[in-house]
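Heads up, the thing below is written out as structure tokens.
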Amino acid sequence: MKVETYLFGGVALFFVLTATVYAVFADDPAGTAALFIAFLMASLVAFFLAVQHRRAGGRPEDRRDGEIADRAGPVDFFPDGSPWPPVTALGVTLTAAGVVLGLWLFLIGSGVLAAGVSGFVLQYARRS
């Protein structure tokens, strides 16, 4: 994941430079905020990939002398069906409708969305 880390790090660098130049020359705070948020998102992905590379080590794809046979064996863990995607989708729908229809629906949607995201995150957590 070393190459991907550098790739997203470069994207983050591009967005922070673009946001800086845009903030200096443009009189548009919304565009500056959008570019800065794009920088934060690319930085988050680069940080995640760097941590994964440090934790798991290099992959055969990262080495110049890597062979196809180095990747033999089980590929990864693929989860079974999950109830959390529909719960999360319902939460997003209720939250978006709540923006239009009222605070009460927005709060209900936020709660359902929080439950769905928590379910995704904790679905395969190891219990001690």
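The values are calculated or read from the model by the stated rules, or taken from the named source; none is laboratory data. Just so it is clear, the model here is predicted, and its values are computed rather than measured. Don't worry about glycine lacking a Cβ; one is built from the backbone with ideal geometry, like all the others, and counts go over all protein chains shown. The accessibility values were calculated without ligands, DNA or RNA, using every heavy atom of the protein model including side chains. Shrake-Rupley method; radii C 1.70, N 1.55, O 1.52, S 1.80 Å.
Could you work out [θ]222 nm for the chain from helices alone, using -39500 (n - 2.57) per DSSP H run of at least four and dividing by all its residues? Round to the nearest 500 deg cm²/dmol. Write down the numbers at each step before the final one.
Values: 4 runs with 90 residues, N = 128.
It lands at -24500 deg cm²/dmol.
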Which entry in (1) 1.11; (2) 0.97; (3) 1.32 is this structure's computed Rg/Rh (Cα atoms, Kirkwood Rh)?
(1)
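Suppose every Lys and Arg Cβ carries +1 and every Asp and Glu Cβ carries -1, with no other charges. What dipole size does segment 1-109 come out with about its Cα centre, to the nearest 20 debye?
Values: 7 positive and 10 negative charges, 45 e Å.
Dipole of segment 1-109, to the nearest 20 debye: 220 debye.
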Anyone know which of G58, G66, G111 comes out most mobile in the 10 Å Cα GNM of the chain?
G111
Once you have a ≥ b ≥ c as the square roots of the Cα gyration tensor eigenvalues for segment 1-72, tell me rounded if a/c is under 1.5, and otherwise prolate or oblate according to whether a/b is larger than b/c.
prolate
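Counting only protein heavy atoms, what percent of the accessible surface of segment 81-124 is carbon or sulfur at a 1.4 Å probe? Intermediate results must be reported in sequence, preceding the final value.
Numbers: 2290 of 2760 Å².
The value for segment 81-124 is 83 percent carbon and sulfur by accessible area.
Under unit Cβ charges (Lys, Arg +1; Asp, Glu -1), what dipole magnitude, rounded to 20 debye, does segment 1-61 have relative to its Cα centre? If you can, show how the numbers build up before the last one.
Numbers: 4 positive and 4 negative charges, 89 e Å.
Once rounded to the nearest 20, the dipole reads 420 debye.
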F120 to T93: extension gain in nm, 0.36 nm per residue of separation minus the Cα-Cα distance?
8.0 nm
